[in-house]
Amino acid sequence: MRLDLLAIAAHPDDVELTCGGTLIKMAQRGYKTGVLDLTGGEMGTRGTPETRAKESALAAKRMGVKWRDVLGVPDSDVQPSREHKLRLAAVIRELRPRTVILPYWEARHPDHYHASTLGYEGCFLAGLKQAPISGEAYRPFKILYSTAFVMELRPTFVVDISEQYEKRRKAILAYGSQFRPAKNEKKSKVYLAIDELENRMNLLARHYGQMIDVPYGEPFLVRELMKVDDVVDLEVRSI
Ligand SMILES: [Zn+2]
């Protein structure tokens with residue numbers, strides 16, 4: 001299978017919360033999209049790994065992605081090690097995505113910033129002919145960094161996800177085990193329980209949407225400059 005767009009993140013539900021609307025929108029445009037979760041989220045306080053696997057498959061279906069898999073890196077120990085980079089590079093060679101979405105390279109959670117480095121270096125390694133990996137050398141053309149978790153950062157651009165917002169919500173709600181803790185469960189010690197996180201991500205989507213004059217948006221950063229051909233047809237009002 002060959003993909004147009006592949007989102008790589010540390011834990012199942014990271015992608016839904018940070019760029020789910022964009023994945024849905026691109027699938028609706030006819031692009032083949034995919035998600036690679038580096039870990040199975042096995043360190044999560046709630047839900048068994050089996051439950052989480054079922055939930056992430058349901059979320060994938062709701063986002064219309066054609067391919068989703070787990071790389072098998074240990075949760076809470078994501079490292080850009082040679083072994084993980086080679087495994088990731090093999091996936092890149094197999095899927096040949098034109099565009100890859102990675103988490104932004106600075107984050108509170110070490111898994112998130114390590115996922116960014118591991119993702120970038122895996123993509124780079126995939127293009128080295130001499131790398132000890134099967135398949136034809138290939139490097140994605142474009143890397144987008146999802147900055148939804150990094151409020152203090154000014155993104156390069158924002159994707160209008162207003163029409164995809166409800167679908168994104170349903171994809172996030174697929175992670176039922178992460179919501180509504182059982183009555184006998186002690187008060188959650190998770191830094192941000194997903195229900196609180198979902199609420200926060202919705203506020204963020206509203207915030208970024210407002211920055212481009214639409215109801216909801218998802219922010220991204222690219223290292224390169226954006227190229228423009230038509231300065232008369234630019235969107236988003238200045239005054
Ligand atoms: Zn995460």
### Rounded if a/c under 1.5, otherwise prolate or oblate - the range 1-114, Cα gyration tensor axes
oblate
### Task
Rank Thr147, Thr39, Thr156 by mean-square fluctuation in a GNM of the chain with C-alpha springs under 10 angstrom and give only the top-ranked residue.
Thr156
### Query
Taking square-rooted eigenvalues a ≥ b ≥ c of the alpha carbon gyration tensor, is the chain rounded, prolate or oblate, where a/c under 1.5 means rounded and, failing that, a/b exceeding b/c means prolate?
oblate
### Task
Springs between alpha-carbon atoms under 10 Å, Gaussian network over the chain: tell me which of Ser56, Ser146, Ser81 tops the mean-square fluctuations.
Ser81
#### Entry: Label-to-label distance, nm, for residues given as Arg223 and Asp69 (7 Å Cα→Cβ offset)
2.6
### Summary
Rounded to the nearest Å, the spacing of the alpha-carbon centers of the range 9-36 and the range 80-113 is 15
#### Entry: Which of Ile8, Val228, Leu204, positive extreme of dipole for the chain (C-beta unit charges)
Ile8
#### Entry: Rough spin-label spacing in nm, given labels placed 7 Å along Cα→Cβ, for Glu136 and Asp213
4.4
### Query
So which residue, out of Glu121, Glu196, Glu16, gets the largest mean-square fluctuation from a GNM of the chain using Cα contacts under 10 Å as springs?
Glu196
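At a 1.4 Å probe radius, carbon and sulfur cover how many percent of the accessible area of the chain? All intermediate terms of the calculation are to be shown ahead of the outcome.
Details: 6840 of 13070 Å².
Within the chain, the accessible surface is 52 percent carbon and sulfur.
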### Task
Give the accessible surface of the chain per residue, rounded to a whole number of Å², with probe radius 1.4 Å and ligands, DNA and RNA excluded.
55
### Summary
With all protein chains in place and a 1.4 Å probe, Glu42 shows an accessible area in Å² (nearest 10) of 90
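Set the bar at 25 Å for Cα to Cα. Now go through Lys167/Lys227; Lys25/Lys61; Lys85/Lys167; Lys66/Lys142; Lys54/Lys142 and name every pair that lies beyond it. If you can, show how the numbers build up before the last one.
Numbers: Lys167/Lys227 31 Å; Lys25/Lys61 14 Å; Lys85/Lys167 32 Å; Lys66/Lys142 20 Å; Lys54/Lys142 30 Å.
Pairs exceeding the cut-off: Lys167/Lys227; Lys85/Lys167; Lys54/Lys142.
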### Message
Need one number: % antiparallel among DSSP beta bridges in the chain, to the nearest 5.
### Response
25
### Task
Compute the longest continuous run of the chain that contains no exposed trypsin sites (Lys or Arg not before Pro); treat a site as exposed when its DSSP state is not H, G, I, E or B and it has at most 15 other Cβ atoms within 10 Å.
30-97
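The values are calculated or read from the model by the stated rules, or taken from the named source; none is laboratory data. These numbers were taken from a predicted model, which means no experiment stands behind them. Here the Cβ is made from the backbone with ideal geometry for all residues, glycine too, and neighbour counts use every protein chain on show. We work out accessible area using only protein heavy atoms, side chains counted, and drop any ligands, DNA or RNA first. Shrake-Rupley method; radii C 1.70, N 1.55, O 1.52, S 1.80 Å.
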